[in-house]
1. What are the ³J(HN,Hα) values, in whole Hz, obtained from phi via the Karplus relation 6.51 cos²θ - 1.76 cosθ + 1.60 with θ = phi - 60°, for each residue of segment B:74-79 in sequence order, with x given for Gly and Pro?
2. Averaged across the residues of A:33-45, what count of C-beta atoms belonging to other chains lies within 10 Å of each residue's C-beta?
3. Could you tally the net charge around residue A:57, taking each other residue with its Cβ under 13 Å from the Cβ of residue A:57, Lys/Arg +1 and Asp/Glu -1?
4. Which net charge results for the neighbourhood of residue A:77, defined as the other residues with beta-carbon distances under 13 angstrom from its beta-carbon, given Lys and Arg at +1 and Asp and Glu at -1?
5. Would you mind calculating the relative contact order of chain B from Cα pairs under 8 angstrom and at least 6 residues apart, reporting the percent as a whole number?
6. Can you give me the % of accessible surface on segment B:30-120 that is carbon or sulfur? Probe 1.4 Å, all protein chains present, nothing else counted.
7. How would A:119, B:106, A:137 line up by accessible area, probe 1.4 Å, largest first?
8. Please list the non-local residues whose amide H lies under 5 Å from the amide H of residue A:132, H modeled 1.01 Å from N, same-chain partners needing a gap of 5 or more.
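The values are calculated or read from the model by the stated rules, or taken from the named source; none is laboratory data. What you see is a predicted model; the values in this text were computed from it and never measured. Here the Cβ is made from the backbone with ideal geometry for all residues, glycine too, and neighbour counts use every protein chain on show. Heads up: the accessible areas ignore ligands, DNA and RNA and are worked out on the full protein's heavy atoms, side chains in. Shrake-Rupley method; radii C 1.70, N 1.55, O 1.52, S 1.80 Å.
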Number of protein chains: 2
Amino acid sequence: MENDRSLLQHAIRLAEEGINRGHGPFGALIAKEGRIIAEANNKVVLSHDPTAHAEVLAIREASLLLKTHDLSDCVLYTSCEPCPMCLGAIYWSGIKKVVYAADRHDAERSGFSDKLIYDEIGIDPGKRKIHFIRIPDAGGEQVFKKWDGFENKIPY
Amino acid sequence: MENDRSLLQHAIRLAEEGINRGHGPFGALIAKEGRIIAEANNKVVLSHDPTAHAEVLAIREASLLLKTHDLSDCVLYTSCEPCPMCLGAIYWSGIKKVVYAADRHDAERSGFSDKLIYDEIGIDPGKRKIHFIRIPDAGGEQVFKKWDGFENKIPY
């Protein structure tokens, strides 16, 4: 627990230093066996990438380093509760433990709409603020049939 | 609408071709004013990147091309309903319209746990299958105070 606090405070320092360099106010790191293997700041604006949240960048860096998309033996430390995009990335990476400091309400007060996305995700696609159109007979199911029957696939 | 169907079928072909090359069974593209500006397959396994879903890769490519994280004048076409990670990426990118074919239940039947993540996102962090630990007094709120008072920040 003391190590958790220390690593979380490192992620918070990354966020603070990032602000000075023009980045968003978020920092994250990935640790394996208690040692930092990847760290990142939010770089959305300067890198022209809406997916460049600190958590996503740290996950991508750790995965590249370990040469696997499976980070189930890693822990994520992040200055703020992950947004739904980052939460999805965490689930897909297999990370089993996340330690965070500020929460979605703190982010909301500083102008970050994590809460809006949390609210929108739970509702029917057709009722969201973004216009979602499903064309069910366009052939989407065929793709999965091909995948199911494909002998050389690598399941993940 | 006819153009929507045609562009969606292009995304489906990307997914089918991707399977042959060892990728996951998902394809997506971004169009601006009816013209394709970015296209991608799911590359999670071969690129060692759990975030390399087709939608995320297409959004990253389009943003880089347009030199902005704001894709509010673009449309996303994707062979399958976006997972929560991709849905978050869509909201952060400002995309206003998403056209898709298969849905989360089709994905579930082929072994992709989009539905699990949708279920987990809506519940209290402390009750999720992943271990979420909040340390509220670690200093996370200070980051936002610094951001709020930082004169040279670029809001996004």
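1. Each residue's phi maps through the Karplus curve to give 10, 10, 9, 10, 9, 5 Hz.
2. Per-residue shielding by partner chains comes out at 1.
3. -2
4. Working: positive: A:5, A:13, A:32, A:35, A:97, B:134; negative: A:4, A:39, A:55, A:81.
Surrounding charge for residue A:77 is +2.
5. Worked out over chain B, it gives 16 percent.
6. Exposed carbon and sulfur together represent 50 percent of the surface.
7. On the way: A:119 85, B:106 15, A:137 105 Å².
Descending accessible area places them as A:137, A:119, B:106.
8. Excluding prolines and chain starts, which carry no amide H, the hits are B:98.
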